[in-house]
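Enquirer: Got a structure here, written out as structure tokens. Questions coming.
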Amino acid sequence: MESKVVKSDFTKLDGFIKALNSNYVVRVGIMGAKNGRSDPKSKGQSNADIGFIHEFGRPGTGRRPAIPERSFLRMPLLVKAQRIIDETIQAGVFKNLMKGDMKQVMTDLGIACERAILDAFDTGGFGTWARNTAYTLAHKKGNSPLIDLGFLRKSIASEVVKKS
């Protein structure tokens, strides 16, 4: 019986395995560089401070009414999870995995997450955010929840970093 030597190129498989064992993570939210505010209404609060209040709500204080929970980070990512996955796939996740480029996969995932969050701002939390109170309307421009001067909305970003 004659033996045959079969040669195979496992470069793509090696790249795929390397990508799956990647040391990258994507962070989505209010990043340090976009945390500051220049408006006097913020009274020294950062975008992260204001974002925390809106994400989880705050009880009323004195003459200020309670601020209801209006999740602009967690809820959009949960509600739009399938769309985020689809956008990441459409951006070339398989091609990038085969090249072993997990950083690009994570970058594309972060961008898709940012889009979902910004869509929540544009639609009032996909129609779920409580309307502004009369008190709030008297102290801001427009009537869209979470949008006055746009600092919080503009602070949304993503970054890909090495796992620590």
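Enquirer: Output the Cα-based Rg and Dmax of the range 20-112 in Å, rounding Rg to one decimal and Dmax to a whole number.
Expert: 17.9, 59
Enquirer: Just to be sure I follow: if Rg is taken over the C-alpha atoms of the chain and Rh is the Kirkwood radius over the same atoms, what is Rg/Rh?
Expert: Details: Rg = 21.9 Å, Rh = 18.4 Å.
Ratio of gyration radius to Kirkwood radius for the chain: 1.19.
Enquirer: Strictly over 20 Å apart at the Cα level, which of K41/K154; K34/K163; K34/K141; K99/K162 would you flag in this model? Spell out each step's value before the answer.
Expert: Working: K41/K154 16 Å; K34/K163 22 Å; K34/K141 22 Å; K99/K162 18 Å.
In this structure, K34/K163; K34/K141 lie more than 20 Å apart at Cα.
Enquirer: Return a whole-number percent for the relative contact order of the chain, with Cα pairs under 8 Å and 6 or more residues apart as the contact set. Write down the numbers at each step before the final one.
Expert: Working: 206 pairs, mean separation 56.6, N = 164.
After rounding, I find 34 percent.
Enquirer: What's the angle, to the nearest 10 degrees (0 to 90), between helix 81-90's Cα axis and the longest principal axis of the chain?
Expert: 50 degrees
Enquirer: Still on this structure, I have one more. Would you mind checking the tilt of helix 47-56 against the longest principal axis of the Cα atoms of the chain, expressed as 0 to 90 degrees and rounded to 10?
Expert: 90 degrees
Enquirer: Roughly what angle does helix 102-122 make with the longest principal axis of the chain, taking Cα atoms, 0 to 90 degrees, to the nearest 10?
Expert: 30 degrees
Enquirer: Counting other beta carbons within 10 Å of each Cβ, put S42, S155 in order, fewest first. Present the calculation step by step, with values, prior to reporting the outcome.
Expert: Values: S42 17, S155 20.
If I rank by nearby Cβ atoms, fewest first, I get S42, S155.
Enquirer: Average projected area of the Cα convex hull of the range 84-164, in nm²? Intermediate results must be reported in sequence, preceding the final value.
Expert: On the way: hull surface 28.2 nm².
Answer in nm², one decimal: 7.1.
Enquirer: Report, by chain and number, residues whose modeled amide H sits under 5 Å from the one on I67, excluding near sequence neighbours (fewer than 5 apart, same chain).
Expert: R58, G60
Enquirer: Name the residues of the range 58-100 whose amide N is less than 16 Å from a point 7 angstrom out from the Cα of T128 along the C-beta direction?
Expert: So the set is 68-84.
Enquirer: Mind telling me which of G60, G100, G110 comes out most flexible in a GNM of the chain, alpha-carbon contacts under 10 Å?
Expert: In this elastic network of the chain, the residue with the biggest mean-square fluctuation among G60, G100, G110 is G60.
Enquirer: Per-residue ellipticity at 222 nm for the chain, helices alone: DSSP H runs ≥ 4 residues times -39500 (n - 2.57), over residue total, nearest 500 deg cm²/dmol? If you can, show how the numbers build up before the last one.
Expert: Details: 8 runs with 72 residues, N = 164.
Value at 222 nm, helices only, nearest 500: -12500 deg cm²/dmol.
Readers should treat all values here as calculations from the given coordinates under stated rules, not as data from a laboratory. All figures in this text were calculated on a predicted structure; none of them were measured in a lab. Cβ: placed from backbone, ideal geometry, glycine included. Neighbour counts: every protein chain shown.
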